[in-house]
Each structure stands twice: as structure tokens, then as C-alpha cells.
1. Only residues in the range 128-151 that are of a type in the set (S, T, N, Q) count as the first member; pair them with residues that are surrounded by 12 or more Cβ atoms within 10 Å (Cβ to Cβ), Cβ under 8 angstrom, at least 6 apart or cross-chain, and list the lot.
2. Given the criterion assigned by TED's automatic domain parsing to the domain that holds A76 and in contact with a Lys or Arg (Cβ under 6 Å, 6 or more places away or on another chain), identify the matching residue among V94, V102, V115.
3. List every residue pair whose Cβ atoms sit under 8 Å apart, with the two residues 6 or more apart in sequence or on different chains, where the first one lies in the range 81-93 and is over 18 Å from A70 (Cβ atoms) and the second, anywhere, is among the aliphatic types (A, V, I, L, M).
4. Looking at this structure, is S58 exposed (fewer than 13 other Cβ atoms within 10 Å of the Cβ), of a type in the set (S, T, Y), modelled with pLDDT under 85 and assigned to a helix (DSSP H, G or I)?
5. Which residues, counting only those in the range 80-100, are of a type in the set (A, V, I, L, M, F, W, C) and within 19 Å of D112 (Cβ to Cβ)?
6. Would you check which residues across the range 87-120 are out of contact with any Gly (no Cβ under 7 Å at 6 or more places or on another chain) and among the hydrophobic types (A, V, I, L, M, F, W, C) and list them?
7. I'd like to check something: does the range 77-86 contain any residue that is in contact with a Gly (Cβ under 9 Å, 6 or more places away or on another chain) and either surrounded by 10 or more Cβ atoms within 10 Å (Cβ to Cβ) or assigned by TED's automatic domain parsing to the domain that holds P62 (or both)?
Amino acid sequence: MSTTPSGLSGHLPHFAGEEKKSISSPVRGGGASQGRRGSWLALFALLFAFPALAVEPSEMLPDPALESRARDIGRALRCVVCQNQSIDDSNAEVARDMRRAVRERLTAGDQDDQVFAYMVARYGDYVLLKPPFKAGTWILWLGGPLVLLVAGTVLLIAARRRRTPLMPPEPLTNEEQRRLDALLRD
């Protein structure tokens, strides 16, 4: 007798050491083993939660020293279409082109600083994950602290306004009280 609905027994996985159970039967016992299995699955999922390196084997250089330099440079360059992701971690087509350009420059004999200069000339200072502090990049360096300072000032002003006691409303005049009473009666 098949324990799976509509004869799917050949299509469902069976793990070694695991008893086949009917889908409609409740799970009995084995709480500790299921807890361990859940822990292992969670650990396995965490291993794949970290960004995988996007460098494909076909992109790698045969010389390990050059490949190491290319990977170091790739970790310092920003993908121009991704959100703050290095070209080493990005799967975008532009990142692939950038990785290819880095490897071509290294193969041609360029030093690391020459490769960085080439990429900055081609894409601008934005391509560097740690751009230099100069007139064109000051907003990148000071923008975050400036926004934090402005937000803190606004919150401080709002907190001070809340501390000032509110004045109680003025009491109603005799005429206003008479009209209110008339409205409430109707």
C-alpha cells in the first residue's frame, strides 16, 4: 500500500534512516531528531544566505598571484549599477565587464594603482568603495554625518517644544455656554 497520495511514491524524496510516513498521519515522537534536523537545515540555509562571489571560473586568471590581485582590486571597486556592492560580489553584466577589464589590465602588466586609475578615469570616483576625500567627493564623506546632525537638531527642537506646558483653553463665555447647552438639548 502506498503512503503517498495518487501514487507519487516514486517522486518524493526519502532520506536515509527516515521512516516513510503517511502525509495524512500526524507526526508522533522524534521531536529531538526533528529539532536537530531543523537546526541543520537552518545552518545550511545560513551558509547560502551570505553573498556568493560572482566571479565565474571562466573569468579567473591562470596565475594565482595575478588572480589574487584581481580579487583584491575587485573587492575595492563598486559595481556602478548595484547598491553598494563590489564587482567581486555582483552578478550584473556591467560588473562582469569591469572584472574583465581589471584582469586585462593586470595581464598587460599594470600595477594595482594603475588599474584603479584606469577604472576611475572610465567610471569616476564613484567606482571606488572608499573614494578619496576631495572637492568632488565631500558629499559622499560628509553627507551621512550632515544628515544625522540635521535630524538630531530637528528632534531636539521637537522635544523642547513638547516640554513647554500647554496653556489650558480659556473658559467659555456666558453666550457660548448658552449656545452649547441649546445644541446639546436638541
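1. So the pair list comes out as T137/D125; T137/P131.
2. None of the other options fit; the residue is V115.
3. Final answer for the pair search is V81/A92; V81/V94; V81/A95; C82/A92; C82/A95; N84/L129.
4. For S58, the condition - exposed (fewer than 13 other Cβ atoms within 10 Å of the Cβ), of a type in the set (S, T, Y), modelled with pLDDT under 85 and assigned to a helix (DSSP H, G or I) - is met.
5. Once the filter is applied, which keeps residues that are of a type in the set (A, V, I, L, M, F, W, C) and within 19 Å of D112 (Cβ to Cβ), the range 80-100 yields I87, A95, M98.
6. Result: A92, V94, A95, M98, A101, L106, A108, V115, F116, A117, M119, V120.
7. Checked against the condition, which is being in contact with a Gly (Cβ under 9 Å, 6 or more places away or on another chain) and either surrounded by 10 or more Cβ atoms within 10 Å (Cβ to Cβ) or assigned by TED's automatic domain parsing to the domain that holds P62 (or both), the range 77-86 yields at least one hit.
The values are calculated or read from the model by the stated rules, or taken from the named source; none is laboratory data. Computed from a predicted structure; not experimentally measured. Positions of Cβ are backbone-derived with ideal geometry, glycine not excepted, and every protein chain shown enters the neighbour counts.
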